Every structure is written in structure tokens, then in C-alpha cells.
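Written out below as C-alpha cells is the structure these notes cover.
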Amino acid sequence: MKKMMVTLAIAAMSQAGLNAVVAPTNVAKIVERDSGGVIVATHRNTKKVFFVNAQSRASLEVIEQARKTYEELIRTPIDITNGIFDFKSPKIEGELSLYIIDDDKLPMSLVAPEGRWAFVNVAPLAAGRGEKPQFFNARVRKEIARVAGILFGGIGSGYRGNLMSFATSAADLDKRDSERIPADVVMRSSSFLLGIGVRPFRRTSYRRACQEGWAPAPTNDIQKAIWNEVRQLPTKPLKIEFDPAKGK
């Protein structure tokens, strides 16, 4: 009886124009088997922006988490590298550099748009509740996202109570539940970066990349099968028979 009720409910949803999701795990496997999974293509002529790690208090894993989250939101590549921060004459990597530093004498963050750089200082973030790793790590990720939003042209947000709201201390970061920047900052950041030559990346299926001729070499059996399928010559060549009536 329960199985019948579920079937009827799905049928009713379909008739109403709604998509019924059944066994999402199995569906995902079927989609991956057909598509080969999702791959990312970076524009060959894109310029670059960098997160420059110049400290050791915050782990590289935490910085990478912040980088990946921000990159996914703006759909634009962000590189990460190690470096040294010189306040008087910072070395700029790419078009823009956001440094992650550790200096008790400097403020929590600073943005110098005319110099094309900014920094997030983890030293003030480690004070108070920041002595506990979970608070410290969250503060680092939030402050990186907030400062990157400003450096990348997002400035502020029209939405209230989000990560881009004015922060006067590390404790203010604890009041923000999300480490994600709001939609209007995402749009402005993407537009600003495109304006300086940092092009968005493209997501597509491995099958489509093979069909378009730019897919990388396969990394698993599913991709290998798709690679061979798309690239193989037809087993039955097209035959064109002569028609005397048409003279062709």
C-alpha cells in the first residue's frame, strides 16, 4: 500500500509539472556514468589574482577552504601561493594580491586598492575566543572572504546583517553565521575581475569537453569509456548509392 501511494504521489507531481527526485544516489551515479563527471576549464588568456600566505599560525587547509569557497561563489579562478609580506613595498602577485599575515603591530585587515593589495592579519583573530581553534579558523575564513570582497570590487552589500557589514573587531565576525558573501557582492566582484582581465572559468561535463575536442586525458574507467566512444571512427561508414533517375 505504501509503495502504491508513493507511486501515485510521484505521478501527481509529474502531471503538475513538478520534478520528483527518486533515489538521488542512484540518479547521481547514472548521470556521472553518462557525463563522465564535471570538469573545470580555465580561460587560456585569463589574468590571475592570488591569496598569498605569509604566516604559519593559520593552517594552509583553512586558507584553502576560504579560497575554494570564494572561488566557487564568483566562478572565477583564485590562485594561492606562499610569500613574504613587506608593508612598505609589497610584492604583488598577478593583478591583485590578498596577503594572509601574522603581525601583532598591524590591524586586523587593511585594503589598499590603489596598490592592488590587501591583507588579513591573523594575530588579532587569535585573541579572546580565537584561542579556541574552531573560533579562530572560522574567523580567518570569514575575514578572508570579507576582505577579498572589498579588494575584488565588492565593497559593501545592500543586504543587512551579512559578512560584508562593518566589523570593528574579531568578535564582530563571531556574530556572522555564514562565511559566504551575499549575492550583490558576488555580482560586483565577478564584474570587477572580468574588467581587469580575470576571466570566469567554465563548468561542463567530460563528455561535452570530449565532443568539443579539449578534454584532458581520462582519469577513470568512466571517462576512458567516454573518451573512446567519442573519438572512435564510425563502424558503419555512410554509403551514398547512385540514383540513375536523378543522375546522381
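Bear in mind these aren't lab numbers, they're just calculated from the coordinates by the rules spelled out. What you are looking at is a predicted structure, and each value in this text was computed from that prediction instead of being measured. Counting neighbours? That spans all protein chains shown, and the Cβs are built from the backbone with ideal geometry, glycine included.
Brief remarks on what is shown
- Pair R203, R75: separation of 7 Å Cα→Cβ label points (nm): 0.9
- Local electrostatic count, R67, Cβ distance below 10 Å [Lys/Arg +1, Asp/Glu -1]: -2
- Amide hydrogen neighbours beyond the local backbone of L96, cut-off 5 Å, H modeled: F50
- Rough spin-label spacing in nm, given labels placed 7 Å along Cα→Cβ, for F166 and T42: 3.8
- Inter-probe distance in nm under a simple model that places probes 7 Å from Cα toward Cβ, at T219 and S178: 2.9
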